[in-house]
Amino acid sequence: MAVQSVGVIGAGQMGNGIAHVFALAGYDVLLNDISAEAMQAAVATIDKNLDRQVSRGKVSAEDKAAAMARIRTTTDMADIGATDLVIEAATEREDVKNKIFESVLPHLKPETILTSNTSSISITRLASRTDRPEKFMGFHFMNPVPVMQLVELIRGIATNEDTYQTLVGVVASLGKTAASAEDFPAFIVNRILVPMMNEAVYVLYEGVGNVRSIDESMKLGANHPMGPLELADFIGLDTCLAIMNVLHDGLADTKYRPCPLLVKYVEAGWLGRKTGRGFYDYRGETPVPTR
């Protein structure tokens, strides 16, 4: 199947990044959100990020203008139905995702491929609640989308080969690399990455190290570009906790138990960069550790 138009549901951090890379690659993009303000902010973010790419010589001014012209926004889910590929990029909550799929299904063309950008939730289970499990896949982009080169492709038990091969081609057209993952909790990247961050929170919780010493140890001792607590703040502590809960519930192994300190930060609303405080306080000129 030839994909020419893409519907992106959710105009947050992941949604605007996905819209950015598809528009730049020549696809017509329709961005949907329940909030008109969120879509306006997303388009402004895409414009700013493309400007940054132009200033670095990675994108021409003409390509930037063409990409922005390919992006349209809508609050009406019915408009999404005309696209060839739909990517759900809402919050990492299964009930929210299921409601989105319920609302978009009556409007989809029979041939439209339906996907989720979920970082951890069962693709087979999400697909089973739609009318097209054979045309449903996990389409997991990494954050920040314009920078990160990997896309995880996750087949549900019913996903057919045509759908998979179409998305392999789409990923290649974006200039990114596809990694095929089996449909088990958190797939490949987050199955490895998020428990590492959770373990860093345990190291903090147990007093083995403080925020700064933990992050410096992994940056200088393991050559990580960001420390695990800094990275958790960047991703969002609520997202990290949600993934740990999916792992713990789905695999029934105590090694995936979320650290109580991570739970406490989320309860406090200290979710990282997006709320101004997490393991670091971002409200001043430079981030300051909160423990």
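Just so it is clear, none of the values below were taken in a lab; they were calculated from the coordinates. All values reported here derive from a predicted model rather than from experimental measurement. A quick note on method: Cβ atoms are made from the backbone with ideal geometry, for glycine too, and the neighbour counts reach across all protein chains shown.
Quick notes on this one:
- Test: residue in the range 272-286 that is closer than 21 Å to Phe187 by Cα, out of contact with any His (no Cβ under 8 Å at 6 or more places or on another chain) and surrounded by 15 or more Cβ atoms within 10 Å (Cβ to Cβ): no
- Residue list for the range 193-228, filter: under 27 Å from the mean Cα position of the chain (by Cα), assigned to a loop (DSSP other than H, G, I, E, B) and surrounded by fewer than 22 Cβ atoms within 10 Å (Cβ to Cβ): Ala222, Asn223, His224, Pro225, Met226
- Among residues of the range 71-96 being of a type outside the set (A, V, I, L, M) and crowded, with 21+ Cβ neighbours inside 10 Å, the one that is nearest to Gly236 (Cα to Cα) is Glu92.
- The one condition in (1) touching a strand residue (DSSP E or B) at 6+ places or on another chain (Cβ under 7 Å); (2) assigned to a helix (DSSP H, G or I); (3) among the small types (Gly, Ala, Ser) that Ala78 fails to fulfil: (1)
- Restricting the search to helices (runs of 4 or more DSSP H) fully inside the range 1-69 and requiring at least 3 residues that are of a type outside the set (A, V, I, L, M, F, W, C) and without any contact (Cβ under 8 Å) to a residue 12 or more places away in the chain gives 36-55.
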